[in-house]
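**Q** Quick one: the structure is below, questions incoming.
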Amino acid sequence: MEIHKKKKTLPFVRIKSLLCLFIFFCLAGVSRALPSVQVKATGTYPELWVEGKPFFIHAAAFFYPRLPRDLWEKSLQTSKELGINTIDLYIPWNWHEARENQLDFDGSANPRKDVLGLMRIISGLGLKAIIRPGPYICNEWKNGGYPDWLLRRPEYKMSGRSIAEGRYPPLSALQYSDPETAAKAWLENETHKKHTERWLRTVMDKIVKPFSSEKGGPVILVQLDDDQPAGNRNNGPYFWKYMKWHRDIILKTGVSLPLFLNPAESYVPALGNKDMGKPHPWLMTQWYQRFYGVYLTTSSYILLESAVEYIKTDPEHPPVISEFNAGFFALEFNPYGMATHPTNTLTAARVLIQNGLKGFIYFPLQDSLYPAGYEIPSVNPHYTWESALAVTGEKRDKARSVERNGTLIRTQGELLASSHKWADVGIVNPLGALDYTRLSTGTVAAVKTGIKNLEEWLLENRINCEFVDPQNQPLEQLSRYPLLLNPFSSKTTLPAMSSQAVSKLRRYADGGGRLIPVDTASTDWQETLSRLPVERKVKSGNWVYASELVSNRGSLPLGQRDRSVENFGFLLMTNLGDEKVESEMSAADPYDAGNRISVGALTLPGKDSLCLPLEYGSPGCCENFRYFSGTPMRYTRPPLNWKELRRGIPRLRSVFILRRTDD
């Protein structure tokens, strides 16, 4: 009977086992089919996902040709200890192909050229990588990365002296003032196109593809060219055609990672979407303190805030600053970089984060020294920025700021990458809807001034705002806000907005939103705005620069929240002043905009920042610590049992008691 039973049940067991194996391999196949790096939307908010979860880029530019090979691993290990999760690499063409058709990626001619070894170090440390292959690189590097043997050809119109001095090709210099003419000339230069395509294909085949995250490697992003002024008034059809040409070369090699551009500023980041087609370009931006004075003061909030707000109007990509430095490099006759307070690295980054930034790259994290013959005339051969790390890798004063940012991002990065600033109002940026490329310089300046004046008034009155682009953002993104302010100046004649933008704004109002025109040239616009009933998400007894981040999941139109899903929120404060600020604080409940969470009295020292979790609606809140200014903060609350956990993690309100710790 026992044998009979076995014979009877064996087929069932086999069928069940085979079915389980079939399901397993099907799921495994689906898993392999999913891209390891993707930009996708949660609700109306774009997020960068890496290996199946939201990813906040906390990166360091690493200028490996300027550092001895035997210091690479030590420096990268120190960077990781500071909380860096990604390494950003320029791949200089003239460094790796100093002679035509003689490539060196393994250090056979010079150990510092062993970029393949560098990629293995990055991978071994568990870091991610961003690759910038050029052909042009604006990294204060000889000839902008173009090889001597190529620039000697007549098509490049460079004298032997200019090449020897390390000057940039004329068209690379022209791209900053007239990118349309420069792009047209590059496209007409068949020699340039032939050799550039070969170089890009080589970098993709030798570096990007073998180390792509799609194959379990560290590479997550690739840049198109460098420092191109994309998303601005002087972009025309030739400019976007040239960028598309770069993009298509990379795509044809089989690389499917996100591709981005690196403009110094971008006022309409979706400007090239129509001309380039899909996949649309991801426009990031840059922020250097050099352009805003030596010291960050309370007047610097507006300069930092707007750097994020313009690129947040990209409807498809999260906002990232691809070059960030609270300082600047040493110029030709100055042995030191720009002197800035070391806490500026912390406070500037925190202002950007609390405005919704989803990643930034320290440019650079470590000082370096030019290899002989690769200098340029305008920069000191000691390529110093007074960085967080010295040439030898030792930590400097700025390292503490980097480490505090790193602690915050290492522990809360997944949540920060999947959240947004819960703004009180939106400000209409009309440039994209006004046929931006045809506007005069003066008209563009007048529009930006009107936006800035309105933004400053809101800041002074503790009202948090975000910019919107009615031309390029969908109606669903405009409808995030209960109130849209549309600034204009009666003293400036502007062309009419496009019918597409006007239609969206009309539908926004029909859907329950309030659209208020604001004439910033009138004498009473500020008084008029002061009478508007704006419900502030963050309230304070005294003036303090504060904002609230809430989870993308759970967001509803007109600033409302979905109580049926798990939500979380953060209260962020930054003090750029020298004196401490004290204030009673409260914030809107991430589960219900109509409720408030009283945080109580808070004291924030000068030149410091705070990131306080308000509510966590996921199992991650079971940890026994939270973070305040990137430093562990202990808390106590009523004990939880397993049954409570299974019903859903209780929302953390003002029940936990925080104290500052240094461990």
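**Q** Of the residues in the range 154-181, how many are assigned to a helix (DSSP H, G or I) and open to solvent by 30 Å² or more (accessible area, probe 1.4 Å)?
**A** Matching residues across the range 154-181 total 13.
**Q** Which residue pairs have Cβ atoms under 6 Å apart, sit 6 or more places apart or on different chains, and have a first residue in the range 541-559 that is over 13 Å from K421 (Cα atoms) and a second that is charged (D, E, K, R)?
**A** G541/E584; G554/R561; G554/D562; L556/D562
**Q** Residues to consider are S586, S522; find the one that is touching a residue at least 24 places away in the same chain (Cβ under 8 Å) and in a strand (DSSP E or B).
**A** S586
**Q** Starting from the range 380-395, keep only residues that are at positive phi, then list their pairs with residues that are outside any loop (DSSP other than H, G, I, E, B) and at pLDDT 90 or above whose Cβ atoms are within a distance under 8 Å, requiring at least 6 positions of separation or different chains.
**A** Cβ pairs passing all conditions: E386/K398; G393/L71; G393/K74; G393/S75; G393/T78; G393/Q366.
**Q** Looking at this structure, is K53 open to solvent by 60 Å² or more (accessible area, probe 1.4 Å), under 24 Å from H280 (Cβ atoms) and of a type in the set (K, R)?
**A** yes
**Q** Could you check T528 against (1) surrounded by fewer than 21 Cβ atoms within 10 Å (Cβ to Cβ); (2) closer than 20 Å to Y45 by Cβ; (3) modelled with pLDDT under 95 and say which number it fails?
**A** Looking at each condition in turn, T528 falls short on (2).
**Q** Another question, if that's okay. Any idea which residue in the range 340-384 is surrounded by the fewest Cβ atoms within 10 Å (Cβ to Cβ), counting only those that are within 28 Å of L604 (Cβ to Cβ) and among the small types (G, A, S)?
**A** Only one residue tops the list, namely G356.
**Q** What about A501, is it more than 20 Å from V268 (Cβ to Cβ) and modelled with pLDDT of 95 or more?
**A** It is false that A501 is more than 20 Å from V268 (Cβ to Cβ) and modelled with pLDDT of 95 or more.
**Q** Still on this structure, I have one more. For the range 211-230, state whether one or more residues are of a type in the set (V, I, T) and either over 18 Å from A264 (Cα atoms) or open to solvent by 60 Å² or more (accessible area, probe 1.4 Å) (or both).
**A** Yes - at least one qualifying residue is present in the range 211-230.
**Q** Residues that are touching a Cys at 6+ places or on another chain (Cβ under 9 Å): which strands (runs of 3 or more DSSP E) entirely in the range 533-583 hold 2 or more of them?
**A** In the range 533-583, the matching strands (runs of 3 or more DSSP E) lie at 569-575.
**Q** Let me ask something else about it. With the condition kept exactly as written, say whether any residue in the range 263-272 is open to solvent by less than 10 Å² (accessible area, probe 1.4 Å), of a type in the set (S, T, N, Q) and not in a helix (DSSP H, G or I).
**A** Checked the range 263-272: at least one residue is open to solvent by less than 10 Å² (accessible area, probe 1.4 Å), of a type in the set (S, T, N, Q) and not in a helix (DSSP H, G or I).
This table checks each residue for (1) under 25 Å from C138 (Cα atoms); (2) in contact with a Lys or Arg (Cβ under 8 Å, 6 or more places away or on another chain).
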| position | (1), (2) |
| --- | --- |
| E394 | no, no |
| K398 | yes, no |
| G426 | no, yes |
| L458 | no, no |
| N464 | no, yes |
| D469 | no, no |
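**Q** Here are some conditions: (1) part of a loop (DSSP other than H, G, I, E, B); (2) in contact with a His (Cβ under 9 Å, 6 or more places away or on another chain); (3) buried (at least 21 other Cβ atoms within 10 Å of the Cβ). P470 meets all but one. Which one does it not meet?
**A** (2)
**Q** Considering only residues of the range 300-339 that are closer than 29 Å to P377 by Cβ and aromatic (F, W, Y), which is most open to solvent (accessible area, probe 1.4 Å)?
**A** Across the range 300-339, the extreme among qualifying residues is F333.
The values are calculated or read from the model by the stated rules, or taken from the named source; none is laboratory data. Because the structure is a prediction, the values reported are computed rather than measured. Positions of Cβ are generated from backbone atoms using ideal geometry, with glycine treated the same way; all protein chains shown enter the neighbour counts. To get the accessible areas, we keep the full protein, side chains included, count just its heavy atoms, and leave off ligands, DNA and RNA. Shrake-Rupley method; radii C 1.70, N 1.55, O 1.52, S 1.80 Å.
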